[in-house]
Amino acid sequence: MDKLVIRGGNPLLGTVRISGAKNAALPCMAAALLTDEPVIIENIPQVRDIETTRKLLAAMGAEVELGYGRAHHRTTICARTLAAPEASYELVKTMRASTLVLGPLVARCGRAHVSLPGGCAIGARPIDLHIKGLERLGAKITQEHGYVEAVTDPAKGGRLQGAEIVFDKITVTGTEDLLMAATLAEGETVMQNCAREPEVADLAALLNAMGAEIQGAGTSTIRVKGVSKLHGARHRIIPDRIEAGTFIIAAALTGGDVNVAGCEPAHLTAILQKLAETGVKTVVKADSVRVMGDQPLAAADLNTEEYPGFPTDMQAQYMALATQAAGTSIITENIFENRFMHAQELVRMGANIKIEGRRAVVRGGTPLSAAAVLASDLRASASLVLAALVADGETIIDRVYHLDRGYENIEEKLKAIGAEIRRVGNIFPKRAAAPAQS
């Protein structure tokens, strides 16, 4: 199992280019199931979740072509024939976003058989909102043996029917899943209390390019006028705002000077505003953010919120920053109930953190020292990398497969701007077997 070995103490200097957003690419890949024509998706990051989705689509019968050379961030998907409209547990057990195929499959094929998903252990992310929405659109849903079965009504031509959907709580994947399903439903669908994330708007941009009629994506109310057929399209994925935020914090934390290029600053407003409170200096241009970490860091409280608030996916990285800020920061996690698993690993490195339910009290300004630590989920992995960059000594981070799910070539990018980091295999000696008991 791969590990990262990081020796801290180097300020990060130079330019880093941000990859396409994994959380935008995944629903766009699922959207290709809605048509029998080729869908070309550009700026796709080469991360593990993307590869899992490619395998998932291919298992259904779609033709998935990966670009090579300069085009290796492009994928062409043609779901001309979907012989098996199902997603098996073996393919989706590592990825929550696998539920995104549920809506497109039932809308296109009239049937979907999808395993309940796996992914990061950061709290309950039930798909009941997906199911309620599909039932509002006329699908019949059954659940058994860990699978969701959705079928349309043959008496209504096998098509979903437009409806009004009000989400009980804001859900990004639920919004995306039902948005895709509604594009082929008969009549108009009005969705309220929708997620407003940029990734939702990006998906809608692709769907409209495919011939859908969607208004309001990126707001809390989305209207979809169903069409009978969608066609192929070409679409470029937006930059990854979470990767950009991670590198911005890395630069600030190490006292560096980094130009975070190829990002979308408008998607980073909440992050940049919070970092300004801590004393981080930035210069924002049209598609880049320059970070100058030459000022002492000051504590600032944080509450995670749905977009446009501070993203839960940046909470762990902010906690790493807070360990080095003078004063006490109170971090309140409002999205997921189990997203402080990285805190104990930071404590192993010398951080002063106390967990109180959904709050973490971080007393900053404590020196960090190298340790062997375990990554528990994708963003927790990033927080440990950030902490290691300023820790005294050589930190070993295990289970970095979590990191590979969402960050493209992170060690190469960090190394290019001055980090002392390398990836290794199993570097711990195996324990000798215990002697047999007589």
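The values are calculated or read from the model by the stated rules, or taken from the named source; none is laboratory data. Keep in mind that what you see is a predicted model, and the values were worked out from it rather than measured. A quick note on method: Cβ atoms are made from the backbone with ideal geometry, for glycine too, and the neighbour counts reach across all protein chains shown.
Summary table below
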quantity: Hey, ALA370 touching an Asp or Glu at 6+ places or on another chain (Cβ under 9 Å) and in contact (Cβ under 8 Å) with a residue 60 or more places away in the chain or not; calculated: yes
quantity: Number of the exception - ALA58 against (1) over 24 Å from ALA375 (Cβ atoms); (2) under 23 Å from the mean Cα position of the chain (by Cα); (3) in a helix (DSSP H, G or I); (4) in contact (Cβ under 8 Å) with a residue 24 or more places away in the chain; calculated: (4)
quantity: Some residue of region 329-338 being surrounded by fewer than 24 Cβ atoms within 10 Å (Cβ to Cβ), within 28 Å of ASP2 (Cα to Cα) and hydrophobic (A, V, I, L, M, F, W, C); calculated: yes
quantity: Strands (runs of 3 or more DSSP E) contained entirely in region 344-406, each with at least 1 residues that are of a type outside the set (D, E, K, R) and surrounded by fewer than 17 Cβ atoms within 10 Å (Cβ to Cβ); calculated: 352-356, 359-363, 372-374
quantity: Pairs, first outside the structural domain of THR171 (by TED's automatic domain parsing) in region 305-333, second modelled with pLDDT under 95 and part of a strand (DSSP E or B), C-beta under 8 Å, six or more apart; calculated: none
quantity: Which numbered condition LEU116 misses (of (1) under 24 Å from ILE242 (Cβ atoms); (2) at pLDDT below 90); calculated: (1)
quantity: Subset of region 138-176 [surrounded by fewer than 18 Cβ atoms within 10 Å (Cβ to Cβ), at pLDDT 95 or above and of a type in the set (Lys, Arg)]; calculated: LYS140
quantity: Residue tally, condition modelled with pLDDT of 95 or more and at positive phi, over region 352-404; calculated: 2
quantity: Filter result for the condition that a residue is touching a His at 6+ places or on another chain (Cβ under 8 Å) and either closer than 28 Å to ASN43 by Cα or not in a strand (DSSP E or B) (or both), over LEU206, LEU179; calculated: LEU206
quantity: Subset of region 149-172 that is in contact (Cβ under 8 Å) with a residue 40 or more places away in the chain and in a strand (DSSP E or B) - its residue that is nearest to ILE127 (Cα to Cα); calculated: ALA150
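Yes/no per residue for (1) β-branched (Val, Ile, Thr); (2) surrounded by fewer than 22 Cβ atoms within 10 Å (Cβ to Cβ):
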{"position": "VAL64", "(1), (2)": "yes, yes"}
{"position": "TYR68", "(1), (2)": "no, yes"}
{"position": "HIS72", "(1), (2)": "no, yes"}
{"position": "THR75", "(1), (2)": "yes, no"}
{"position": "ALA83", "(1), (2)": "no, yes"}
{"position": "SER115", "(1), (2)": "no, yes"}
